[in-house]
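Asks: One structure, as structure tokens, below. Some questions next.
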Amino acid sequence: MKERENLSTVIAPHLPYLRRYARALTGDQRAGDGYVAQTLEALIADRDAMDHDLDPRVALYRLFSRIWTAAAGAADAAMEGPVTPRSRQLLLLVTVEDFSPEEAALVMEIDAEEAGMLNAAAADELSTLARARILIIEDEPIIALDIENIVAEMGHAVVGVADTHREAVAAAAEMRPDLILADIQLADGSSGVEAVEEIQKTSDVPVIFITAYPERLLTGDRVEPLFLLTKPFRPKSVEAAIAQALFHKKTWASAG
């Protein structure tokens with residue numbers, strides 16, 4: 001019993017971020033959380049399902065990756081729709097989840113050569129993304145400018161920058177963006193989360209939250225964002241999140 005309690009203590013800090021990764025892969029909170037639940041069930045059934053010779057975070061994501069890969073393969077075989085390519089999985093692990101390339105290879109159980117090929121494929125995918133119209137909701141001018149530059153360098157168009165709830169809702173209604181990048185705290189003390197919730201009552205636009213307080217959106221107590229980045233962010237993290245959000249947007253449109 002003590003061993004299981006210790007394992008629970010070891011993996012608990014990583015679970016919110018594993019759920020973030022799972023949602024980014026699936027494009028759906030329920031599906032992502034379902035795969036995480038399967039991972040935990042596998043651990044409950046067999047403590048040694050996780051490789052205890054590895055760093056606990058690497059080992060936890062590795063077990064999740066096995067479960068996800070098996071499910072994704074089954075979905076592909078049943079032609080249930082496109083799944084996140086392995087190149088994109090590697091990109092998310094390195095740029096959003098902050099694994100080193102070597103750790104990401106361990107998670108995916110691939111060698112350095114295959115990891116290099118997947119990394120090159122991910123770079124090619126980023127360079128061929130369709131141009132999107134993006135709204136930025138951010139109250140810090142320098143950060144907003146940084147994000148705007150990243151978006152522009154990817155070849156996308158910034159259709160507006162809003163720093164309050166009211167401005168954000170109005171800009172989304174007028175500009176009808178393909179994607180929103182949003183902070184959770186805005187200039188007048190209003191909430192970026194509430195602004196996005198209002199926008200999404202009349203639009204299915206995907207949203208990437210970029211915040212210094214990710215734990216506030218990873219509680220499991222409410223509907224959580226599919227895409228969440230932590231400040232300070234790296235340009236590559238923003239690029240990867242945008243690519244994945246647009247990938248799922250295209251998938252949803254095809255399914256609709």
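Asks: Run the paramagnetic zone check for Tyr213: 7 angstrom along Cα to Cβ, then residues of the range 133-171 with backbone nitrogen under 17 Å.
Replies: Counting only backbone N, you get 138-140, 164-165.
Asks: Would you mind classifying the range 149-212 by shape? Square roots of the alpha carbon gyration tensor eigenvalues, ordered a ≥ b ≥ c; an a/c under 1.5 is rounded, otherwise it is prolate if a/b is larger than b/c and oblate if not.
Replies: oblate
Asks: Taking the Cα atoms only, what angle lies between the long axis of helix 29-45 and the longest principal axis of the chain, rounded to 10 degrees?
Replies: Tilt relative to the chain: about 20 degrees.
Asks: Taking the simple approach of a point 7 Å from Cα along Cα-to-Cβ for both Ala37 and Glu109, what is their distance in nm?
Replies: 2.4
Asks: Additional query: Given Pro177, Ala121, Tyr21, which one lies farthest toward the positive end of the charge dipole of the chain, if we put +1 on the Cβ of every Lys and Arg and -1 on the Cβ of every Asp and Glu?
Replies: About the Cα centre, the residue reaching furthest to the positive side is Pro177.
Asks: Follow-up question, since we're still on this one. With each run of n ≥ 4 DSSP H residues scored as -39500 (n - 2.57), what mean residue ellipticity at 222 nm is computed for the chain after dividing by its residue count and rounding to the nearest 500 deg cm²/dmol? Kindly include the intermediate steps, with their values, before the conclusion.
Replies: Details: 11 runs with 148 residues, N = 256.
Counting only the DSSP helices, I get -18500 deg cm²/dmol.
Asks: Let me ask you something else. Can you grab the distance from the C-alpha centre of the range 83-98 to the C-alpha centre of the range 144-181, Å, no decimals?
Replies: 24
Asks: Right, another one. Could I have the simple spin-label model distance between Asp188 and Glu140, label points 7 Å from Cα toward Cβ, reported in nm to one decimal?
Replies: My value for the distance between the label points is 2.2 nm.
Asks: May I pose another question? Measuring with a 1.4 Å probe in the full set of protein chains, what accessible area per residue, in whole Å², belongs to the range 14-173?
Replies: Values: 7620 Å² over 160 residues.
I get 48 Å² per residue for this part.
Asks: Hey, another quick one. Quick one: grab the alpha carbon gyration tensor of the chain, order the square roots of its eigenvalues as a ≥ b ≥ c, and give me rounded if a/c is under 1.5, else prolate or oblate depending on whether a/b is larger than b/c. Provide the component values of the computation, followed by the final result.
Replies: On the way: a/c = 1.83, a/b = 1.51, b/c = 1.21.
The shape class here is prolate.
Asks: Could you check how much of the accessible area of the chain is carbon and sulfur, as a whole percent, using a 1.4 Å probe? Numbers along the way, then the final one.
Replies: Numbers: 6790 of 12750 Å².
Carbon and sulfur atoms account for 53 percent of the accessible area of the chain.
Asks: Tell me the relative contact order for the chain as a rounded percent, counting alpha carbon contacts under 8 Å between residues six or more apart.
Replies: Values: 337 pairs, mean separation 47.0, N = 256.
It rounds to 18 percent for the chain.
Asks: Put a dot 7 Å past each Cα toward the Cβ at Arg47 and Arg30; how far apart are the dots in nm?
Replies: 3.5
Asks: Would you mind working out the magnitude of the charge dipole of the range 152-230 relative to its Cα centre, with +1 at each Lys and Arg C-beta and -1 at each Asp and Glu C-beta, to the nearest 20 Debye?
Replies: Values: 5 positive and 14 negative charges, 17 e Å.
The dipole of the range 152-230 has a size of about 80 debye.
The values are calculated or read from the model by the stated rules, or taken from the named source; none is laboratory data. If you're wondering where the values come from, they're calculated on a predicted model, not measured in any experiment. Note that each Cβ is placed from the backbone with ideal geometry, even for glycine, and that neighbours are counted across all protein chains shown. Surface areas here come from the heavy atoms of the whole protein model, side chains and all, with no ligands, DNA or RNA. Shrake-Rupley method; radii C 1.70, N 1.55, O 1.52, S 1.80 Å.
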